[in-house]
Amino acid sequence: MFNSFKVVDDEDEKLKKLSEEWGEDVKNAVKTALEELNEFNPSGRYTVPVLWNFEHGRKATLKEGIAHLTQQIKHLKRKRT
């Protein structure tokens with residue numbers, strides 16, 4: 001299976017300028033965002049919704065997503081009765 005993965009170049013002029021103007025933290029945040037966009041959608045840089053686990057600072061697993069939805073449904077049922 002072919003997997004096209006674009007690498008974000010540290011020597012890119014726009015990234016260098018961003019780093020000079022705003023610092024390394026901002027440059028690294030933009031670089032990470034671009035890498036994630038390429039990872040989830042290499043054919044076009046449009047956003048893809050992802051369920052996020054803010055507690056652990058990572059993508060949520062399917063099991064965590066189902067548990068959350070189940071909890072929300074139970075909460076809604078209690079409100080109705």
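Quick note: the coordinates plus some simple rules give every number you see, no bench work behind them. On a predicted model such as this, the values are computed, not experimentally measured, just so you know. Note that each Cβ is placed from the backbone with ideal geometry, even for glycine, and that neighbours are counted across all protein chains shown.
With the alpha-carbon atoms as the only input, what is the per residue convex hull volume for the range 9-81 in Å³? Don't jump to the answer; show the numbers that get you there.
Working: hull volume 10.5 nm³, N = 73.
It is 144 Å³ per residue.
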Amide H to amide H, which residues 5 or more places from Asn53 or on other chains are under 5 Å from it, using H placed in the peptide plane?
Arg58, Lys59, Ala60
Given +1 on the Cβ of Lys and Arg, -1 on the Cβ of Asp and Glu, and no further charges, what dipole in debye does the range 9-54 carry about its Cα centre, rounded to the nearest 20?
240 debye
Positive-pole candidate from Val48, His75, Val8, dipole of the chain, charges at beta carbon
His75
Gain in span if fully extended, Lys14 to Arg78, counting 0.36 nm per residue against the direct Cα distance:
17.8 nm
May I ask you to list the lysines whose Cα is less than 21 Å away from that of Lys27, ignoring any residue fewer than eight positions away on the same chain?
Lys6, Lys14, Lys16, Lys17
